[in-house]
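Some notes on the structure that comes next.
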Amino acid sequence: MQQPRIVVVDDWTDFWGNQPGTQRLRERADVTIYTTPAADEYEVMQRLKDATVVLANRERTPLNARVLRSAESLELLAQTGRISPNVDAEAATERGIALVAAGGQGGSYVAIAELGLALLLALA
């Protein structure tokens, strides 16, 4: 069985690469963390190529219908914060992509980060 491919599309503060859980994920999956913004929609599509799981930080990266439809292997999109207009939830639903996000209450960013990592570990 092929390992899952996990992509963090927009870790501009280089947070995820320094987390202990990320190393455990690397033992079970192909993990790619992008620490610079994508130049355009095409670059986002290239980042998502063959990804099974995507972790997006807040609303930094537009994940519109074209981007989501091009990500043929994508099964799970976890976003810190809440699902915002940057994610085309209808297109994700149409493709069968599960969406995970926080409700936006104070302090929920910690819970969604923990949930996102737990779901990634479970998937791996």
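The values are calculated or read from the model by the stated rules, or taken from the named source; none is laboratory data. Since this is a predicted model, take the numbers as computed values, not measurements. All Cβ positions, even for glycine, are placed from backbone atoms using ideal geometry, and neighbour counts span all protein chains on display. With ligands, DNA and RNA removed, areas are computed over all heavy atoms of the protein, side chains included. Shrake-Rupley method; radii C 1.70, N 1.55, O 1.52, S 1.80 Å.
Numbers below:
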item: Candidate set: the stretch 1-12, residues that are more than 9 Å from the chain's Cα centre (by Cα) and more than 16 Å from A38 (Cβ to Cβ); chosen: the one surrounded by the most Cβ atoms within 10 Å (Cβ to Cβ); result: P4
item: W12 vs. criteria among the aromatic types (F, W, Y), at negative phi and touching a Pro at 6+ places or on another chain (Cβ under 7 Å); result: yes
item: The stretch 1-16 residues that are closer than 17 Å to N86 by Cβ, paired with ones that are aromatic (F, W, Y) and surrounded by 15 or more Cβ atoms within 10 Å (Cβ to Cβ) (beta carbon under 7 Å, 6 or more apart); result: V8/W16; V8/Y34; V9/Y34; D10/Y34; D11/Y34
item: Of all residues in the stretch 60-102 being among the acidic types (D, E) and part of a helix (DSSP H, G or I), the one that is farthest from R5 (Cα to Cα); result: E90
item: Residues that are over 16 Å from I33 (Cα atoms) and either at pLDDT below 90 or open to solvent by less than 20 Å² (accessible area, probe 1.4 Å) (or both), drawn from the stretch 54-64; result: E59, L63
